[in-house]
Amino acid sequence: MRVSFIVGLLMSLWTSQVFGVEPPPLSASDLPGDDGKAVLLLWPRMPYEASQVFYVVQGAEEPEGPFEEVTRFPSTSRYRTERRAPFWTWRKGKDEHFFVVRTIGGTPLESSREYYFRLGVDLGEGPSFGSAVSALPKPNWFDFKKLNNFIFMVLFAGVVLWFIGRARKKELFLRRIPGLDAIEEAIGRATEMGRPIYYLTGRLGMSSVSTIAATIILRDIAKRAAGYDAQLKVPHTDPVVMAVCREVVKGAYLEAGRPDAYKEEINFYVTDDQFSYTMAVDGMMVRERPAAVFLMGYYYAESLLLAEVGASVGAIQIAGTDAEHQLPFFVTACDYTLMGEELYAASAYLSKEPALIGTLRAQDVGKAFLTTFLVLGAIAYTLGVWAGIEHKMEYFLDILRDFP
Amino acid sequence: MFLRQYVPMAIAFVIGVAFAVQYYVPHPASEGLLTTVNDWLIVVSGFSMVLGLASLMGSHWAKVRRAVPGWGYSLVVFLGILGTLAVGIVSKGKMFAGEGLTLTALGWVYDNMLVPLQGTVFSLLAFFMASATFRTFRARNLEAGLLLTAAFLVMLGHVPLGEYIWDKLLGFLPSKADQVMGWIMNVPNMAAKRGILLGVGLGAIATSLKIIFGIERAYMGEGG
């Protein structure tokens, strides 16, 4: 009698805990900073959570259903801390769970349409659901996750403009770039030897900043080539770049006072196929044996195939690229290499225009700023690990993180 | 002057600012604008191929006409263009069933002529790399010596034979060849690479700003 009473008491306690469980209150809202095609669900942490206990989220397009399962996961996961978002848009913590709904039954959510969600708790006997809540996803005009990026861009633009203004009043120091100093020598050599100069603008189109930088440098080289009456050849892999380069070279010849020496054939199209272009240019180099080869812009696997042939025909070669994985090939096969940012600095260096030189100083300030942040970040995180508070240091690191 | 300078500068400013801001706007209108402009870009690129083809044929025709040395190569270009065109016209774009593969006649030309040629050129890279390496890795000074040592260690870590040699000769050391290679690639190499990338990022932003604000105009054929 006594034993059956105790067993009955334990059973009632167990059933009240298991079958009488109430799902936590669910809140649904538009996900901020998106294109209006997602809903954010939040609910508080509950005392009965365990790895065997599951949360089930269901969604519907109408308040009365039918509800379809959106996700199911162990109740010990998807805490606020697990979402990758910056501290200024998202509070981290383990006091709440979250889930971002983008589809219901495989159908993507539509903006400005109301959706209904309910949360269930499954203790192994099937989920018990709470009441449904609704949310209206709306598109936003600013993604606050990218606020750090935006502030940095505005600040950097301000620093660039300030230094341009300053450079117009005061002369700024510019360190020597041997690769650019050698341009004069390379063109002079080609003139003396009576051999052509080859100028390549890389593999990318005009939407690439490195191609734009290559066309800017071309202007200076074309001007000097026109002055020396050297033969310039610019084989292209992109017709749009060819059209731009024709204008650039024509302008340069005009500026050099040699419009009569300008020919449309200086810039010519070869093909947009990577290796066909490479072999065509290699073939021309072997036959015509240029005295100078300029390889500016962005390159892929053809970098070494071009630079080695240039070296084999005895050309003085100056390369400039921001493709960091091709730099070793150019360093190996070329006489001079403009590394990364030096490609962008070339126009300022060659023209000595104060406004352009000002931007170089702004780049230096930007680099100093980033280096300071990197050093401080490394120290802060190391100290954080040492003091056991590395999660707090995440706030600091968020400032420099990219949140797509 | 107005049409050649100020109008392109105004377009560069408006479009440059609009698309710098577009990155921060998740609204579908912003995404739609980006998609539309990308579509325009594809259309313009398609039309520009006519320009490219005219340039290609013009320059090669001039070589054939003047019978300049190597004019035979120019003739091959014409034969290639006309041959491919003829294959496309005669086959009328019909699909042909091959060995477990269905292709158009142009697809056959691409798969059986262009792809093997591309593979052949790509395979040449190994020989070019060997010759460049031979020339560069001569320990003429401290820097070249360091480069040679680092390259040798990375090579040892990459090939099974290297690991075998390492174990036989330097097996008493606490680190294995792949660990040394991993350290070289992930610490000094990665640090240098990131340094370059930081400079590239800032340089690209500065160049974009120069173009947006009309400070850099050399790409329009104007003095910069």
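Remarks
- Note on the stretch A:37-80: among residues that are under 19 Å from A:Arg102 (Cβ atoms), of a type in the set (Lys, Arg) and out of contact with any helix residue (DSSP H, G or I) (no Cβ under 9 Å at 6 or more places or on another chain), the one that is most open to solvent (accessible area, probe 1.4 Å) is A:Arg72.
- Note on the stretch B:138-196: enclosed helices (runs of 4 or more DSSP H) holding 1 or more residues that are closer than 30 Å to A:Ala368 by Cβ and modelled with pLDDT under 85 are B:142-158.
- Count of the stretch B:4-62 residues which are open to solvent by less than 80 Å² (accessible area, probe 1.4 Å) and closer than 21 Å to B:Arg217 by Cβ: 11
- Selection count where residues are exposed (fewer than 13 other Cβ atoms within 10 Å of the Cβ) and out of contact with any Leu (no Cβ under 9 Å at 6 or more places or on another chain), scope the stretch A:106-123: 4
- Qualifying residue in the stretch B:157-166 (condition: β-branched (Val, Ile, Thr) and open to solvent by less than 60 Å² (accessible area, probe 1.4 Å)): no
- Filtered by the rule that a residue be open to solvent by less than 20 Å² (accessible area, probe 1.4 Å) and of a type in the set (S, T, N, Q), the stretch A:308-334 gives A:Gln317, A:Thr321, A:Gln326.
- Subset of the stretch B:63-74 [among the hydrophobic types (A, V, I, L, M, F, W, C), exposed (fewer than 13 other Cβ atoms within 10 Å of the Cβ) and more than 11 Å from chain A (Cβ to nearest Cβ)]: B:Ala67
- Which numbered condition A:Trp386 fails, given (1) surrounded by fewer than 19 Cβ atoms within 10 Å (Cβ to Cβ); (2) in the same structural domain as A:Ile212 (by TED's automatic domain parsing); (3) of a type outside the set (Val, Ile, Thr): (2)
- Subset of the stretch B:182-200 that is out of contact with any Lys or Arg (no Cβ under 8 Å at 6 or more places or on another chain) and open to solvent by less than 30 Å² (accessible area, probe 1.4 Å) - its residue that is farthest from the other protein chains (Cβ to nearest Cβ): B:Gly182
- Hey, B:Ala150 within 14 Å of chain A (Cβ to nearest Cβ), of a type in the set (Gly, Ala, Ser) and in contact (Cβ under 8 Å) with a residue 12 or more places away in the chain or not: yes
- Of the criteria (1) open to solvent by less than 50 Å² (accessible area, probe 1.4 Å); (2) closer than 26 Å to B:Val25 by Cα; (3) not charged (D, E, K, R), which one A:Pro32 fails: (1)
The values are calculated or read from the model by the stated rules, or taken from the named source; none is laboratory data. Bear in mind that the values here come from a model prediction, so they are computed numbers and not experimental data. Backbone-built Cβ (ideal geometry, glycine too); neighbour counts: all protein chains shown. These accessible areas exclude ligands, DNA and RNA; they are computed on the full protein's heavy atoms, side chains included. Shrake-Rupley method; radii C 1.70, N 1.55, O 1.52, S 1.80 Å.
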